[in-house]
1. Restricting attention to region 607-636, report how many residues are touching a residue at least 60 places away in the same chain (Cβ under 8 Å) and part of a loop (DSSP other than H, G, I, E, B).
2. Inspect all residues belonging to region 124-139 and state whether any of them is on the phi < 0 side of the Ramachandran plot and in contact with a helix residue (DSSP H, G or I) (Cβ under 8 Å, 6 or more places away or on another chain).
3. So, V448, is that one crowded, with 18+ Cβ neighbours inside 10 Å, assigned to a helix (DSSP H, G or I) and either touching a strand residue (DSSP E or B) at 6+ places or on another chain (Cβ under 6 Å) or not assigned by the TED database to the domain that holds G366 (or both) or not?
4. Hey, V422 hits all of (1) of a type outside the set (S, T, Y); (2) touching a helix residue (DSSP H, G or I) at 6+ places or on another chain (Cβ under 9 Å); (3) more than 25 Å from N215 (Cβ to Cβ) but one; which does it fall short on?
5. Condition first: open to solvent by 40 Å² or more (accessible area, probe 1.4 Å), polar (S, T, N, Q) and under 40 Å from the mean Cα position of the chain (by Cα). Can you find one or more residues in region 110-118 that meet it?
6. Could you say which residue among I83, I58, I92 is open to solvent by 30 Å² or more (accessible area, probe 1.4 Å), out of contact with any Pro (no Cβ under 9 Å at 6 or more places or on another chain) and either of a type in the set (A, V, I, L, M, F, W, C) or at positive phi (or both)?
7. Counting residues that are open to solvent by 30 Å² or more (accessible area, probe 1.4 Å) and farther than 25 Å from L22 by Cα, which strands (runs of 3 or more DSSP E) fully inside region 211-290 reach at least 1?
Amino acid sequence: MSGRRNTNEEKKKPPLNGRRALPSSISNDEENEVPELEAFGVIPRGFNPQDYLRVVAIHLWQEPQELNKQQHHTDKYYSPKLIVRRGQAFQITIDFNRPYRPATDHFWLEYLIGRYPQQNKGTYIPVLLSDVLKPDKWGAKITQQENNSIQLSIMPSSSCIVGKFRLYVAVWTPFGILRTPRNAATDTYILFNPWCQQDAVYLDDEKEREEYILNDVGIVFHGNITDIKLRSWSYGQFEENILDACLFLMDKAELELSGRGNPIKICRVASAVINSRDDNGVIAGSWDNSYTAGVAPSAWTGSVDILLEYYSSHQPVRYGQCWVFAGVFNTFLRCLGIPARLVTCYSSAHDNNANLQLDYYLDDEGKVDTKLTKDSVWNYHCWNEAWMTRPDLPIGFGGWQVVDGTPQETSDGMYRCGPASVQAIKHGHVCFQFDAPFVYAEVNGDIVYIRKEKNGTQVIENIDPKHVGQLIVTKEVGGDGMMEITEQYKFQEGSEEERLALDTALMYGVKKQTPQDTTFQPQRDVDMDFQVQKAVLGSDFKVTITFRNRSPNSYTVTAYLSGNIVFYTGVTKNEFKRHSFSDKLEPASSRAFDVLIQSSEYLSELLDQASFHFFLTARINETGKILARQKATVLEIPALRIKSQGEMVAGKQMSVTVEFTNPLQQALEDVTLRLEGPGVLRTMKKEFRQIPANSTLIWDVKCFPSRPGPRKLIASLTCDALRHVYGELNIQIQK
């Protein structure tokens, strides 16, 4: 009999390995059973727990309008539980069965997290009474005593684990410890605290804290360098169940609970789990313009739907591209209390062999050879910056860190990137972890045009050192405008400091190819450039090419303009325009040529970001010199119009209308509209079978806004023929 009982008990026990006495603790959700009576030995017959101090009730003052959430800046979270920030005291009240007598009564609090709580791992925290509270360690202090109640001020350590803790009150008796029963209502969430100087994420500017922690909508800058476009994104970090969904991501990434007080570790694992490559993470990326069985990346208006779908299904949500990964990552960081912002880098280099050189191979006629050309320049690329100290690096490399959830290259065997210190990237100190060389190559790099001769030798025809990482931007603090932060990533192009940073990066192992043959001599006496006219989707436009002959010689030139439809990642889908011409360049004079691009040439081939890429190559016949230029351009896509009718008061019904006029000469089929606004309405969707050419659709929506103050409504429209159609409206909800 006894043998049988043992095997049953063994079955219940979790599997152990030879390295550790307890299994690793990687789930915030799992719990252990805590005894309500922990006896010190044999309990004497007359022992009655009722004779001792007993807890009758615990009040956490967790309502949004009450002190704790107000002081801890957590009143916006849509959650009935107590949510506080570490390194800052919060208040609770305990009611006992009789007045508390300090001389003879002994009690303490216990905060537990996960299934295997251990004191040395910070997962079991006994909180004892003391007279003085300090932010760097746990403590509790009685601030008031009245009848059978006491009020406590509790200080969570400024470096404690971030997550959901269970609370018990323990009372000492001579025969054992009496504990309150398990009560989920007293669970307490503890978050990072940018308001606390001792916290690793401390940010000293109140306006910045309001923007980078408390703002639940943001702006994504897209388009390209010559035609910057923007759209709003709803982060929704305070919406219902989002905090739990974000904690679940850390469970999914199998981050040890003991590491969850460290923003560096959290960012590193999150950058892997945001994408679905190699770990079944949140979002599946798709860059091939076919989004069957999923949502087109351009249709999302915010992070909430994506996170909630993943939280309930545990399966990757389809589909995302860089701004979707960055938008969801930003929600995750802000929700946990790590200051974060979404950053766009225009002309971002995806340098496949990280040699700070993007090689474009040209054939005899000066056309780009797509088989040999492996590197690409993204029109734009979005990533995130998270604010934290870097005690693992030398002094001076804290502050903004690049983290990127878009799966581009593997780092330590997984698709992830960062955190990499922005300061280290600027100064070329790319030896410091994590992934600094990759980010350095994204924002620095020369475009090199190489022509292959018949005998196999490679001739460098042109080098463009200024094209990559021309402009890096983020949303301004406290407004919807654009703030340029290029100078935080790089020194002035061509400056002494910039050369020094490059030499430093090279010293630390960033590869830079040196041309084997030094035959490259830039063309000095003829300049070539071209301009693309701004155009609305569906209209014709022209490309103007200019030559300037500075020399006293007369030249003949043969030029070739290639127009390509590209993904925003700079990868070509196909060439839709080829135009060759020859002309004479008189000495010391300029010439301009117009090439017309008709809508019929591009409309049937268009991809969802309406991006074109033009290559212009020209040969000066007398000298054999080749000139090469490239530019990306984006068409203007018409916007959605959002209007609100009547009064807008929290808790009362309001009306919203979304309108759109089809700009194309064809009907749009199977159109999906989305509308959302944090604090105003949860995402609503509406399908339309068809919108005829040049006709207008109207969608009326009724909703009940929940939160007063300035709010934003965001809408998107998507269908196979037209994507990236957005609209937004700023509204003021009255109390």
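The values are calculated or read from the model by the stated rules, or taken from the named source; none is laboratory data. What you see is a predicted model; the values in this text were computed from it and never measured. Quick reminder, even Gly has a Cβ in these numbers, built from the backbone with ideal geometry, and neighbours come from all protein chains shown. Accessible surface is based on the protein model in full, side chains and every heavy atom, while ligands, DNA and RNA are left aside. Shrake-Rupley method; radii C 1.70, N 1.55, O 1.52, S 1.80 Å.
1. 9
2. yes
3. No: the conditions fail for V448.
4. Tallying (1) of a type outside the set (S, T, Y); (2) touching a helix residue (DSSP H, G or I) at 6+ places or on another chain (Cβ under 9 Å); (3) more than 25 Å from N215 (Cβ to Cβ), V422 fails exactly one: (3).
5. Yes, that holds for at least one residue.
6. I58
7. It comes to 227-234, 283-285.
Residues checked against (1) at pLDDT below 85; (2) among the hydrophobic types (A, V, I, L, M, F, W, C); (3) not assigned by the TED database to the domain that holds Q665:
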{"position": "R591", "(1), (2), (3)": "no, no, yes"}
{"position": "L616", "(1), (2), (3)": "no, yes, yes"}
{"position": "E622", "(1), (2), (3)": "no, no, yes"}
{"position": "I626", "(1), (2), (3)": "yes, yes, yes"}
